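The values are calculated or read from the model by the stated rules, or taken from the named source; none is laboratory data. Small disclaimer: the values here were computed from a predicted structure and weren't measured. Cβ placement follows ideal geometry from the backbone for every residue including glycine, while neighbour counts extend to all protein chains displayed. What goes into the accessible areas is simple: the full protein's heavy atoms, side chains included, and nothing from ligands, DNA or RNA. Shrake-Rupley method; radii C 1.70, N 1.55, O 1.52, S 1.80 Å.
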Amino acid sequence: MLNYEIVVIGGGPAGLAAAIEAKKNGAKDILVLERDMELGGILQQCIHNGFGLHVFKEELTGPEYAERFIQELKDMGIEYKLDTMVLEVSRDKKIRAMNREEGILNIHAKAVVLAMGCRERTRGAIRIPGTRPAGVMTAGTAQRFVNMEGYMTGKRVLILGSGDIGLIMARRLTLEGAEVLGVAELMPFSGGLNRNIVQCLEDYDIPLYLQHTVVDIEGKDRVEAVTIAQVDDRYKPIKGTEKRFDCDTLLLSVGLIPENELSKSAGITLDRITAGPNVNEAMETSVEGIFACGNVVHVHDLVDWVTEESRKAGRNAARYVSGALKNTGNKISVQGIKGVRYVVPQEIRPENLTGKTEFMMRVDGVYQNVKLVAKIGEEVIRSVKRRHVAPGEMENLMLDLGNIDPKNLNNLTIELVQEEGA
Amino acid sequence: MEKKEMICIVCPVGCHMEVVRDGKSKDGYEVSGNQCLRGKVYGVKEMSNPTRVLTTTVKIREGKLPRLPVTTKGAIPKGMMMEAMKTINQVEVKAPVKVGRVIIKNLLNTGVDVVATRSMEEEARSQSQKVS
Ligand SMILES: Cc1cc2nc3c(=O)[nH]c(=O)nc-3n(C[C@H](O)[C@H](O)[C@H](O)COP(=O)(O)OP(=O)(O)OC[C@H]3O[C@@H](n4cnc5c(N)ncnc54)[C@H](O)[C@@H]3O)c2cc1C
Ligand code: SF4
């Protein structure tokens, strides 16, 4: 059995930031386990720019952003193992992992940080009718093929789902000479960032079909045609609105799900909305000493927020190991209501609060001129205006809970309120 | 009056802005809705000469992956994207490469360089791969 103070599972931006910050906060033996052949996670395939504006105050591409953290990790002498897949984590923080050179590894840690990221929903998860030929793949798989392996995934492409990966790939494949015929989106709005709609679709005159879905896929060995149709309010295809596209590829960009098989093996409570672990102000899960950060907790659209959240997890894992993290006082539950789908963290222990606490959340629809209102019981503690909110764009709210009498601290809610006269 | 609603794409916040032609203002346009100065600069530019940063890949030999990601070191005119892709796709480099290395100097006379966005070591196995 190997022994470490902190084991970080996943070497993407979340795992890297957590490990670095844990070390900076006094943890000594830290081990990062990564199943891929290199560190950096999903960022290595995100060759477009838009990363790092908040953390580095400059605009970087995914690989550049990753490389800065990888370099820092190496400079600090933090240990890591590549090509190493974690198979199981238990409540008492025993980890079973496997790699080709060492076989099965049994590791015991005082604290664990879960940073496994998320995976893409596949066709099975959304039930598309029609045949099952080659040429149907997730947008992220195509991204890896094109950007890292260097081969094109098709010549005439249709994309289902307007998440960021789909939008980014629409531009990427167009630049590489493919014809992207359109992007079909089930919802009346795109799930992607606005900037991606502008610079990936509008710039290249790629049509976005809102409230449309795929109703048929034709082709025996390879995709030959895909038919989409408009849907009604209950997402049922409307007869007579079908459009048929001759194409050889259908990319699916229908959402990401936090990768939580391991969290389940440890008996960690998951949030029904985020599909990630419930966490407290320290980014600790329902199992003491097991922390989580990044896309495994909730899907982020900005890696900068992943880094910040993960620093918090790393710092607190170090505090947990040294016994500085308290767990004796009362706990406040945090809830998103009325238009706010979820809030992270889901629980707060006032005894551990220093300074302001950041809450991240997503709304359930597109709204203009609204206020995000935080309340303790019936008392409004903060209210901030937002000109425009959308499900594709994560919102954050800083709350100063330190000067509220802990006795009065109970249920905290965050809701959306339409501004008067708007 | 020339007026355009647009979304600032300078950073992922994506502010919703309105740009109105205004002869009296210094830049010739009045921008509103932006949360920072960069948004204003973008709004004016988008009306006069829209530009974009181009990110893509080049072939790399003997690297641990067959593709090296690259970016233009600044924005280039939007209309030049396809031509730029053609030029960049003709390039092939050899590992090892350090992040930031200039891959193409002064792309199509834009004054903008194309640089590597990651480091790539040599692949240990590339020797034997070449033999087979
Ligand atoms: C296509 C796309 C475009 C994006 N565009 C932007 C953008 O423009 N700007 C921006 O700021 N952000 C962007 N993001 C978001 C950002 O990349 C992610 O939020 C960030 O990478 C999440 O980091 P992570 O470490 O949580 O997950 P990941 O990067 O997914 O890393 C998780 C790591 O854990 C490893 N792992 C998983 N399970 C195991 C296991 N059992 N054992 C060992 N290792 C394991 C994985 O191999 C992986 O390396 C984009 C994301 C995608 C997918
Ligand atoms: S105006 Fe500033 S904050 Fe808003 S999107 Fe543009 S760069 Fe970002």
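General observations
- With every protein chain in place, the protein assembly as shown: carbon and sulfur % of accessible area (1.4 Å): 49
- Within chain A, longest stretch free of exposed chymotrypsin sites (Phe, Trp or Tyr not before Pro) [DSSP loop, at most 12 other beta carbons within 10 Å]: A:236-422
- For segment A:275-319 versus segment A:45-110, the gap between their alpha-carbon centres in whole angstrom: 14
- Largest-first ordering by accessible area, 1.4 Å probe, given options A:H54, A:H388: A:H54, A:H388
- Accessible surface, chain B, averaged per residue in Å² (probe 1.4 Å): 54
- The sum of -39500 (n - 2.57) across all DSSP H runs of n ≥ 4, divided by the residue count of chain A, sets its helix-only mean residue ellipticity at 222 nm to -5000 deg cm²/dmol.
- Listed residue pairs exceeding 29 Å between alpha carbons, taken from A:K81/A:K312; A:K57/B:K45; A:K57/A:K110: A:K57/A:K110
- Neighbour-limited loop hits for GluC sites (Glu not before Pro), segment B:31-132 (at most 14 other Cβ within 10 Å; DSSP other than H, G, I, E, B): B:E121
- Positive contributions from Lys and Arg (+1) and negative ones from Asp and Glu (-1), summed over other residues with Cβ under 12 Å from the Cβ of B:G23, come out at -1.
- Chain A and chain B together bury an accessible surface of about 2800 square angstrom, both sides counted, with a 1.4 Å probe and no ligands or nucleic acids included.
- Those trypsin sites (Lys or Arg not before Pro) in segment A:212-269 that DSSP places in a loop and that have at most 10 other beta carbons within 10 Å: A:K220, A:R234, A:K239
- Value at 222 nm in deg cm²/dmol, rounded to 500, when DSSP H runs of n ≥ 4 in chain B each add -39,500 (n - 2.57): -6000 deg cm²/dmol
- Cα shape, chain A, gyration tensor, a/c 1.5 rule: oblate
- Qualifying trypsin sites (Lys or Arg not before Pro) for segment B:17-64 [loop in DSSP, other Cβ within 10 Å: at most 16]: B:K24, B:K26, B:K64
- Euclidean distance of C-alpha centroids, segment B:84-114 and segment A:124-181, integer Å: 26
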